[in-house]
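For reference, the structure discussed in these notes is given below.
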């Protein structure tokens, strides 16, 4: 098994009670202790050290913290870490190949200039991957793509290039599959 | 932006969950968390105990039987949205769910949670009222049924007791010769709507035999627009009848002006939505 990329456990600095949370993240099963009130987003970032999952609004509007929970996109700021006990989580760190080869969707985001500051990008990618997993033959009309991505906000790009990138990513994936 | 501390329990049966609620009057059930957790992050709500219903298997699942769609309270929005038999029995369900927030929220949010949360602008409570659905609830003294008309009282307030858990939602199948439509208007896709209207029209020949119309976002709870229904019932639903129904709906708009819309704007919007949904429902009723 590959060397763990997760942060080593750190001693708690708060007096909150702690409960064990066991979950599988990007293929690695890990048990850590967390306060019941710790959000899954904070657990991923602070306890596991996976800071690719970004935190924007912390009330479910911006979509930056989107990860997949048991295969489906979800807001990690709208779940407590304890609720994810036993769950399978995938974050942006689990998307590219181990040698750093970008996933076709990531490659397409780069090629189409679908990001500028990059803060929202992990959330967009996770939403796209979850949707493709659920819908292998996606509707590639502008309307359908925009509807699918309506839960992710981007303040840099104006979205047009993100829509293009999704279409391009699907094209690249189909080319790889052939 | 971090929730206050609470005691967390995740029982595996409804009975244990009811007992956990009864043991602490500040306890609240946690379903999908897509409405409760944001309010906790803002500390607008600070329950002393959260009773997570996520591990109760009996609260999940969808069954279509005897002209009714039975949905376990912890069924996710997205599961119901994708359920072929449920949408075949009542296609209004998919049309309504398509308007609920975004995919990532619908993947986590639950049908029972949305209804028990009772946001006056939410779509599912409006669907339940328009279609005449019922819910089952379980408490320390056993279970009971509540009709949609008796469930919603006020903003985020239902007739459930603090110790009761909503266990099942039942939505009637679409009656024969009935057309349906849901439409809402929001400033941004996925936001809570300024107003939304759910319309069901049952035809007999070219005449409207039954009309059921409910709206969300216009008052303190989802509201049946009885005067608008009366304007259509027993008539040919032509443009005049639809306009009259829209005008009749305006009296139900009691929401105060807010940063998004004035009172006059919302009133006109409500009338427009009643006109549009009755036109769509009429077409779909096969006329």
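The figures follow:
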| quantity | calculated |
| --- | --- |
| Percentage relative contact order, the range B:180-284, counting C-alpha pairs under 8 Å, at least six apart | 29 percent |
| Contact order normalised by residue count of chain B, Cα under 8 Å, 6+ apart, percent | 15 percent |
| Listed peptides B:28-37, A:129-138, B:200-209 by packing density, highest first (mean Cβ within 10 Å) | B:28-37, B:200-209, A:129-138 |
| Peptide A:151-160, shielding by other chains (average Cβ, 10 Å cutoff) | 1 |
| Peptide B:72-83 - average C-beta neighbours from other chains (10 Å radius) | 1 |
| Separation of the residue A:113 and residue A:16 label points, Cα + 7 Å toward Cβ, nm | 4.3 nm |
| Angle in degrees between helix B:263-284 and the longest Cα principal axis of chain B, rounded to the nearest 10 | 70 degrees |
| Simple spin-label estimate for residue A:96 and residue B:209 in nanometres, 7 Å along Cα-Cβ | 6.4 nm |
| Debye equation applied to the C-alpha atoms of chain B, log10 I(q)/I(0) at 0.15 Å⁻¹ | -1.11 |
| Equivalent ellipsoid, the range B:202-286 (semi-axes from 5 times Cα gyration tensor eigenvalues, Å) | 25, 11, 10 |
| Mean separation of Cα contacts under 8 Å (6+ apart) over length of chain A, as relative contact order % | 22 percent |
| Extension reserve of the residue B:265-residue B:227 stretch, reckoned as 0.36 nm per residue once the Cα distance is removed | 11.7 nm |
| Gyration tensor (alpha-carbon) shape descriptor, the range B:132-287, a/c threshold 1.5 | oblate |
| Helical mean residue ellipticity (222 nm; -39500 (n - 2.57) per DSSP H run of 4+; nearest 500) of chain B | -9000 deg cm²/dmol |
| Using alpha-carbon coordinates, inclination of helix B:239-249 to the longest axis of chain B, degrees | 40 degrees |
| Kirkwood hydrodynamic radius (C-alpha pairs) into Stokes-Einstein, the protein assembly as shown, 4 °C and 1.567 mPa s, D in µm²/s | 55 µm²/s |
| The range B:4-56 shape via C-alpha gyration tensor axes, a/c threshold 1.5 | oblate |
| Test item: A:83-89 mean partner chain Cβ contacts at 10 Å | 3 |
| Helix-only CD estimate at 222 nm, as mean residue ellipticity for chain A, using -39500 (n - 2.57) per DSSP H run (n ≥ 4) | -8000 deg cm²/dmol |
| Shape category assigned to the range A:1-109 from the gyration tensor of Cα positions, a/c cut at 1.5 | oblate |
| Two-site FRET efficiency, residue B:68 against residue A:137, from Cβ-Cβ distance with R₀ of 25 Å, rounded to 0.05 | 0.15 |
| Between helix A:160-177 and chain A: long-axis angle, C-alpha atoms, 0 to 90°, nearest 10 | 90 degrees |
| For the range B:71-143 and the range A:6-43, distance of Cα centres in Å | 32 Å |
| For the range B:1-68 and the range B:219-287, distance of Cα centres in Å | 35 Å |
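Every number here is computed from the coordinates shown, using simple stated rules; none is lab data. Bear in mind the structure is a predicted one, so any value in this text is a computation, not a measurement. Glycine gets a Cβ as well: all are built from the backbone with ideal geometry, and neighbour counts include every protein chain shown.
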